[in-house]
Structure formats: C-alpha cells, structure tokens
Number of protein chains: 2
Amino acid sequence: MVYQIGEEKYMQMALELAREAYDAGEVPVGCVVVHDGQVVGRGRNRREEDQNALLHAECIAIQEACKTLNSWRLSDCDLYVTLEPCPMCAGAILNARVGRVFYGAGDVNMGACGGVINLFEEAFGYKPKMYKGMLAEPCSAILSEFFKALR
Amino acid sequence: MVYQIGEEKYMQMALELAREAYDAGEVPVGCVVVHDGQVVGRGRNRREEDQNALLHAECIAIQEACKTLNSWRLSDCDLYVTLEPCPMCAGAILNARVGRVFYGAGDVNMGACGGVINLFEEAFGYKPKMYKGMLAEPCSAILSEFFKALR
C-alpha cells in the first residue's frame with residue numbers, strides 16, 4: 001500500500017469555509033471531512049450566530065459526515081481543519097474514530113492536539129493519525145486578521 | 001450568599017433519561033441542565049439510533065439549554081449527568097462555561113473529569129465546579145445491567 005499524505009486542496013476548501021465564517025463575524029475556522037476522495041462533511045464556526053457552544057467547524061463537519069455515510073464511525077475518513085482542535089472537537093474526533101487529522105494553525109490557548117494538551121496521546125483506546133502545520137501560514141493569517149479587525 | 005449544593009431530584013431526572021436510552025438499546029446515560037431551578041436542557045444518548053458520534057446525553061442537553069436561553073454561555077447553569085463526561089462532553093462543558101457539573105458514576109475508560117484525565121484541571125482558562133458521585137449507585141447499576149444484558 002502506497003502511503004498517501006493528505007492533500008492541500010482539502011485544506012484550501014477548509015480555508016474557504018473559514019473565510020465564510022470571517023465574513024459572518026465568527027472566529028474564522030473551517031473544516032472538511034473527506035472519504036474516498038469525496039468531501040462528505042463541511043463546517044465552519046457558527047457559535048455567535050446560533051448562540052450555540054457546540055457549533056465549532058469540526059463538530060458540524062463530523063455530524064454531516066456521519067449523516068452522509070450513515071455511520072457514527074469515520075475510521076476511513078480524513079479531517080482537515082484550519083485550526084488545532086479544542087478539547088470538545090478533539091474528543092468528537094476520538095468518538096467518531098476519525099482516521100487521520102490534518103490541521104493548519106496551532107492553538108496555544110485551547111489546543112488539545114499538542115497546544116495545551118494532547119488528547120490523542122492519552123489512554124482513550126483510540127489514537128488517530130495527526131498531521132500539523134498544513135498551510136499553517138494562511139490558516140493562521142486569517143485568524144490574526146480577524147482578531148486585529150476586532151480590536 | 002448561602003452555598004447551595006446540587007439537588008438529587010435533578011439527577012433522578014437524568015436517570016429517567018438514562019432509562020429511556022436503555023429502552024432504546026443505547027448505552028444508558030442521561031443528562032439535564034438546570035437554570036434558576038428550571039430544567040432548560042435534557043438529553044440522553046442517541047448515538048446508535050441516529051448513527052451520530054456527537055449525540056451523547058450532555059451534548060444534546062447543552063445544545064437544548066443554549067437554545068432555551070438563547071446563549072452559548074451557560075455560566076449560571078448546573079449540569080447533572082449520570083456518567084462521568086468523556087473528553088468531547090467535558091470539552092463542550094468548558095466551551096459553554098457551564099457553572100457546575102454533577103455526575104453519578106465514574107468512567108475509568110473514557111472519563112475526562114478524573115477517570116482517565118481531568119480536563120477541568122488543565123490550563124484552558126475556565127474551570128467549572130465539579131461534584132462527583134451523586135446517586136452513583138443507581139447511575140452505575142443501570143450501566144452494569146445494560147452491559148450484562150448485552151453479553
């Protein structure tokens with residue numbers, strides 16, 4: 001089996017979703033879930049608009065992927081997200097048994113994949129493959145731009 | 001201000017929701033969110049029925065509470081859950097800034113409030129008050145009964 005590293009085009013799609021969040025006044029984070037080369041779930045942060053603490057990009061994308069595939073198990077899926085997942089989203093990735101996780105920018109405040117803690121190295125019986133830093137620069141730049149405009 | 005400890009009647013309601021999950025063939029976990037003495041969110045595990053990895057009792061109850069109160073911040077709320085929250089649900093509790101968390105049975109496999117790790121003691125900038133072991137015996141018994149019947 002040829003080992004295939006993740007594809008940047010999917011992170012570009014996640015970035016487009018982050019831009020959509022930006023335009024809606026939300027912290028700009030986007031996420032796509034890919035299965036067999038097909039995007040089966042998409043999400044972008046909607047916390048403020050919906051006043052819902054759970055509506056991070058990853059949770060929305062994972063739920064959509066479960067619906068598309070009619071399965072809570074996403075073992076054969078790759079997840080691309082522009083920002084390092086928080087504990088809730090990293091926990092959702094564990095619960096859905098997502099196969100591989102690619103993230104762009106790191107998060108030293110809320111990151112649960114190495115930034116603050118690493119949930120994927122704890123004894124939860126499942127450890128997804130994780131790749132950090134894909135398109136880190138634009139993923140980080142859109143966040144800086146957002147917080148700069150906010151101040 | 002008189003310090004008020006949580007009330008067992010709310011854990012009893014969570015137990016009734018766990019029983020509902022049991023009857024539906026789901027791992028029996030139930031949760032209620034309480035604000036000013038009113039139940040503003042309810043949830044029970046629905047993972048298998050809905051084939052959705054995110055539909056744990058706590059996530060459903062938190063989302064309902066956000067909707068009821070039209071706010072992603074649940075600082076003035078108490079959450080009662082029959083089983084120790086997993087990383088995803090403990091992360092959701094952090095993200096929603098839930099004020100106080102009461103849980104019944106501990107979980108040495110997936111517990112993120114002391115069972116395996118304790119997310120509420122990490123540097124995420126927010127630490128809810130946590131109380132464990134309320135009605136631990138019936139909360140644990142319904143789980144044992146479920147897994148025994150499964151085998």
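The values are calculated or read from the model by the stated rules, or taken from the named source; none is laboratory data. Computed from a predicted structure; not experimentally measured. So basically every Cβ, Gly included, is an ideal-geometry build from the backbone, and we count neighbours across all protein chains shown.
Free of Cβ contacts under 8 Å to residues at least 40 places away in the same chain and assigned to a strand (DSSP E or B), is that true of B:Y131?
Criteria not met by B:Y131.
A:E49 is checked against (1) acidic (D, E); (2) touching a Lys or Arg at 6+ places or on another chain (Cβ under 7 Å); (3) surrounded by fewer than 14 Cβ atoms within 10 Å (Cβ to Cβ) and fails just one. What number does that condition carry?
It is condition (2) that A:E49 fails.
Just give me the residues in region A:34-71 being in contact with a Ser or Thr (Cβ under 8 Å, 6 or more places away or on another chain) and under 15 Å from B:N95 (Cα atoms), in sequence order.
Across region A:34-71, the qualifying residues are A:Q51, A:A57.
Residues A:N118, A:N109: which one is closer than 27 Å to A:D23 by Cα, within 14 Å of another protein chain (Cβ to nearest Cβ) and free of Cβ contacts under 8 Å to residues at least 12 places away in the same chain?
None of the others qualify; the one that does is A:N109.
Using the structure shown, decide if A:I142 is buried (at least 17 other Cβ atoms within 10 Å of the Cβ), over 19 Å from A:K9 (Cα atoms) and not acidic (D, E). Spell out how you get there, then give the answer.
Working: buried (at least 17 other Cβ atoms within 10 Å of the Cβ): yes; over 19 Å from A:K9 (Cα atoms): no; not acidic (D, E): yes.
The answer is no for A:I142.
Say we look at region B:44-67 and pick out the residues that are part of a loop (DSSP other than H, G, I, E, B) and in contact (Cβ under 8 Å) with a residue 24 or more places away in the chain; which of these is nearest to A:E58 (Cα to Cα)?
First pass over region B:44-67, keeping only residues part of a loop (DSSP other than H, G, I, E, B): B:45-46, B:51-56.
This time we only want the ones that are in contact (Cβ under 8 Å) with a residue 24 or more places away in the chain, so: B:45-46, B:54, B:56.
On the way: B:N45: 20, B:R46: 19, B:L54: 11, B:H56: 16 Å.
Looking at the filtered set, the residue picked out is B:L54.
Within region A:117-136, count every residue that is of a type outside the set (K, R) and either touching a helix residue (DSSP H, G or I) at 6+ places or on another chain (Cβ under 6 Å) or crowded, with 21+ Cβ neighbours inside 10 Å (or both).
The qualifying residues number 7.
Can you pull out every residue in region A:28-60 that is within 14 Å of chain B (Cβ to nearest Cβ) and within 13 Å of the chain's Cα centre (by Cα)?
A:V29, A:C31, A:V33, A:G41, A:G43, A:N45, A:L55, A:H56, A:A57, A:E58, A:C59, A:I60
If you take the residues of region B:68-96 that are more than 8 Å from chain A (Cβ to nearest Cβ) and in a loop (DSSP other than H, G, I, E, B), which of them is nearest to B:L54 (Cα to Cα)?
B:P85
Condition check: small (G, A, S), touching a residue at least 24 places away in the same chain (Cβ under 8 Å), part of a strand (DSSP E or B) and out of contact with any Gly (no Cβ under 9 Å at 6 or more places or on another chain). Does B:G41 satisfy that? Quick ask: steps written out before the conclusion?
Working: small (G, A, S): yes; touching a residue at least 24 places away in the same chain (Cβ under 8 Å): yes; part of a strand (DSSP E or B): yes; out of contact with any Gly (no Cβ under 9 Å at 6 or more places or on another chain): yes.
Yes.
Please go through region A:107-123 and give me each residue that is under 18 Å from B:M88 (Cβ atoms), at pLDDT 95 or above, among the hydrophobic types (A, V, I, L, M, F, W, C) and assigned to a loop (DSSP other than H, G, I, E, B), ordered by number.
A:M110, A:A112, A:V116, A:I117
Would you confirm whether or not region A:98-106 contains a residue that is within 19 Å of B:L55 (Cα to Cα) and either outside any loop (DSSP other than H, G, I, E, B) or facing chain B (nearest Cβ under 10 Å) (or both)?
yes
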